[in-house]
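Notes follow once the structure below has been shown.
What follows draws every value from the coordinates through simple rules; no lab data is involved. Predicted model, so just to flag it, every value in this text is computed and none were measured. Neighbour counts are summed over all protein chains in view; Cβ atoms, including those assigned to glycine, are modelled from backbone coordinates with ideal geometry.
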Amino acid sequence: MKERIHVRVIRLQQNRAFRRLAKYLLTLWCIDIPPEVQIGSDLHLEHHGFGVVINPNSRIGDGVTIYHNVTIARTDSWRSLLTETLPIEIGDDVVLCPGTVVLGGADGLSIGRGTVIGANSTLRCSTGEWEVWAGSPARKVGSRRVAQTEMQGLVSVKKGIMPPTESNGG
């Protein structure tokens with residue numbers, strides 16, 4: 001899938017020659033994603049990423065979907081920028097619904113692969129894989145285990161590897 005223009009502009013920040021232009025365009029779109037953020041492939045910013053703010057010490061995995069007004073920040077912003085802190089890590093295939101606030105501290109925070117964080121939730125702790133979290137403060141409200149099995153089968157078929165069945169020794 002082709003990346004939308006705003007995701008291309010976010011990646012354009014990596015090029016020093018275009019950094020100022022990219023920052024200007026992102027400001028017009030109300031997007032604050034610094035060039036220090038490590039972004040995986042196939043990032044989806046729904047609703048053009050309006051109001052998205054991401055801390056520079058963050059890592060975003062492959063296939064992540066971020067809706068509008070999502071904030072990924074630190075609870076210890078009073079600390080010196082020179083203080084070594086662990087990053088906020090967003091795993092592959094994560095969905096951050098509108099208004100989600102992810103707050104990590106000095107010891108970092110990790111959102112597991114395939115996890116969905118519900119709208120207007122405030123997440124302050126790490127999650128496991130394929131979970132559903134919602135509320136303020138966010139709590140685990142479900143699991144996506146069935147979706148995980150379907151996703152693994154789909155990825156295997158795309159790669160030409162058949163999922164395990166009784167006929168092929170699975």
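Of note:
- Scanning the range 110-145 for residues that are touching a Leu at 6+ places or on another chain (Cβ under 7 Å), closer than 19 Å to Asp62 by Cα and buried (at least 16 other Cβ atoms within 10 Å of the Cβ) returns a single hit, Ile117.
- Any hit, the range 81-90, residues being acidic (Asp, Glu) and either in contact with a helix residue (DSSP H, G or I) (Cβ under 6 Å, 6 or more places away or on another chain) or within 21 Å of Ile117 (Cα to Cα) (or both): yes
- Pair list, Cβ under 8 Å, 6 or more apart: the range 8-37 residue under 18 Å from Val52 (Cα atoms), other residue among the basic types (Lys, Arg): Leu12/Arg19; Gln13/Arg19; Gln13/Lys23; Pro35/Arg19; Val37/Arg59
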